[in-house]
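To start, the structure under review is shown below, and the notes come after it.
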Amino acid sequence: MYNWRKMSDLERQEALKYRKQHKLPWHNPPHLDIEGEQIYLITATCFEHRSIIGKAKERLLECEISLLELLRERLCEVYAWCVLPNHYHFLINTKEIKIIRKLLGRFHGRSSRKWNLEDGTVGRQGWHNCFERPMKSERHFYVSLNYVHHNPVFHGYVDKWTGWPFSSAPDYLEKVGKERAAEIWKSHPILDYGKKWDI
């Protein structure tokens, strides 16, 4: 629904009709509450993709640290992450996706209030929800992992994975080695992954 404002009236009517028929939220991504342990790619974006997180490096670091603490306190295994000026991605394993979403919602509320006070923009909507995408296979996992680490390059912030400090990419490369990471990159290319929802 990112393209809502670009749609014609007819396209909007058709999109809403489809979402109502399929019992989907009208303007937000649907949440899939899978029982038991599951790996998810969690993504959240600032409202209208504004660069709210990226106003200062301290804010990016604060966001990264807060989200990692939140996830690790709930015993989530965090495989990959990156925090960018207007959105973030975390690839995690959890049994508690409903609780994680609730905690992320609270973080979004607290951080919006704090940053709005800092920016003198009280009342500004800081975040536009979050969504979780369950991994369907090992291949899906590795493509997602590559996607998360490549995201700062994809958006033009840096030329190499290791150039972006608010990411797990340097730790990942140290852990698996550059040779193995290159093999995983070649065998699990991202292609158009994320093209329609991460813009």
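The values are calculated or read from the model by the stated rules, or taken from the named source; none is laboratory data. All figures in this text were calculated on a predicted structure; none of them were measured in a lab. Please note: Cβ atoms are built from the backbone with ideal geometry, for glycine as well, and neighbour counts cover all protein chains shown.
To keep it simple, each residue is scored yes or no on (1) among the hydrophobic types (A, V, I, L, M, F, W, C); (2) under 12 Å from CYS130 (Cβ atoms).
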residue	(1), (2)
GLU58	no, no
ILE65	yes, no
GLU69	no, no
GLU73	no, no
CYS82	yes, no
ILE97	yes, yes
SER112	no, no
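Of the residues making up the range 68-93, just one is closer than 18 Å to SER144 by Cα, assigned to a loop (DSSP other than H, G, I, E, B) and modelled with pLDDT of 95 or more, namely LEU84. Within the range 154-176, the residues that satisfy the criterion of being in a loop (DSSP other than H, G, I, E, B) and not small (Gly, Ala, Ser) are HIS155, TYR157, VAL158, ASP159, LYS160, TRP164, PRO165, PHE166. Within the bounds of the range 182-191, is there any residue that is assigned to a loop (DSSP other than H, G, I, E, B) and touching a residue at least 60 places away in the same chain (Cβ under 8 Å)? For the range 182-191, residues assigned to a loop (DSSP other than H, G, I, E, B) and touching a residue at least 60 places away in the same chain (Cβ under 8 Å): absent.
Test GLU64 against the criterion of being of a type in the set (Asp, Glu), in contact (Cβ under 8 Å) with a residue 40 or more places away in the chain and farther than 30 Å from TRP185 by Cα, and give yes or no. In short, no. In the range 40-98, the residue that is farthest from PHE141 (Cα to Cα) out of those that are polar (S, T, N, Q) and buried (at least 20 other Cβ atoms within 10 Å of the Cβ) is THR45.
Does ILE52 satisfy the condition of being aliphatic (A, V, I, L, M), in contact (Cβ under 8 Å) with a residue 12 or more places away in the chain and either closer than 24 Å to TYR172 by Cα or out of contact with any strand residue (DSSP E or B) (no Cβ under 6 Å at 6 or more places or on another chain) (or both)? Taking the combined requirement at face value, the residue does not satisfy it. Only residues that are of a type outside the set (A, V, I, L, M), closer than 17 Å to PHE90 by Cβ, in a helix (DSSP H, G or I) and touching a residue at least 12 places away in the same chain (Cβ under 8 Å) were counted across the range 115-143, and they come to 2. Here LYS195 does not fit the description of being modelled with pLDDT under 95 and over 23 Å from HIS49 (Cβ atoms). A single member of ASN146, ASN151 is part of a helix (DSSP H, G or I), touching a helix residue (DSSP H, G or I) at 6+ places or on another chain (Cβ under 7 Å), surrounded by 14 or more Cβ atoms within 10 Å (Cβ to Cβ) and not β-branched (Val, Ile, Thr), and it is ASN146.
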